[in-house]
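Quick notes on the structure that follows.
The values are calculated or read from the model by the stated rules, or taken from the named source; none is laboratory data. None of these values were measured; they are calculated from a predicted model. Virtual Cβ from ideal backbone geometry, glycine too; neighbours counted across all protein chains shown.
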Amino acid sequence: MRLEDHLAKILIPSDRLQARIYELGAQIARDYGDTRPLLVCVLKGGVIFMSDLSRAMSIPHELDFMAISSYGGTRTESSGVVRILMDLNANIENRHVLIVEDIIDTGHTLHYMVDTLRTRNPASLKICTLLNKQERREVEIKLDYVGFDIPNEFVVGYGLDFDELYRNLPYIGVLKPEMYS
Ligand code: PRP
């Protein structure tokens with residue numbers, strides 16, 4: 001089975017992704033300097049992006065992971081009801097925290113993350129997302145770093161899945177409608 005055959009098109013090729021991630025890494029490194037920020041990856045989708053973003057940042061920083069799950073939705077839509085499956089290892093009090101996401105869609109997941117992490121009194125809390133689907137937003141969220149604004153299409157690859165597949169593609173593709181309808 002070739003995953004590529006399931007795609008209608010490539011939306012963002014690998015070289016554009018990597019060039020933008022390099023720019024984001026440089027900008028984040030300039031903004032945070034010697035403050036030793038903690039990058040928080042939201043599993044699973046954010047893991048590929050965070051590993052490249054981290055390598056594009058030439059400043060001391062730490063990595064941590066959080067798994068949350070939205071439940072009650074469908075296979076293609078999140079419900080807005082979210083719970084923590086795996087919490088951070090780090091104590092984030094007085095730390096500079098940067099949440100790293102693959103995509104912001106309705107905004108419910110991030111809204112929950114921000115609300116939860118804020119109660120732990122970080123020194124700062126910012127958001128970096130590779131992809132932003134503004135058209136689908138239901139909850140307003142201030143995004144500090146955005147890789148690409150994208151249209152409302154069913155995207156997979158570079159961490160994003162459908163039914164747990166396609167995360168390994170090194171680019172962002174649009175899934176053929178017959179694959180999910
Ligand atoms: C995706 C993505 C975000 C969330 C965005 O995760 O990684 O966490 O959906 O959607 P929202 O803005 O509508 O809340 P998903 O729940 O698909 O889990 P995964 O990262 O394990 O694929």
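Of note:
- Residue list for the range 74-108, restricted to those being more than 8 Å from the ligand (Cβ to nearest atom) and modelled with pLDDT under 95: T74, R75, T76, S79, V81, R83, I84, L85
- Residues that are modelled with pLDDT under 95 and under 16 Å from the mean Cα position of the chain (by Cα) are absent from the range 23-35.
- Yes/no for R118 being without any contact (Cβ under 8 Å) to a residue 12 or more places away in the chain and not hydrophobic (A, V, I, L, M, F, W, C): yes
- Failed condition for L130, given (1) within 19 Å of A67 (Cα to Cα); (2) in contact with an Asp or Glu (Cβ under 6 Å, 6 or more places away or on another chain); (3) more than 13 Å from the ligand (Cβ to nearest atom): (3)
- Residue within the range 115-125 that is among the polar types (S, T, N, Q) and within 13 Å of the ligand (Cβ to nearest atom) present: no
- A search for C-beta distances below 7 Å between a residue of the range 133-161 that is without any contact (Cβ under 8 Å) to a residue 24 or more places away in the chain and any residue that is part of a strand (DSSP E or B) and loosely packed, with under 14 Cβ neighbours inside 10 Å, counting only pairs 6+ apart in sequence or on different chains, returns Q134/D149.
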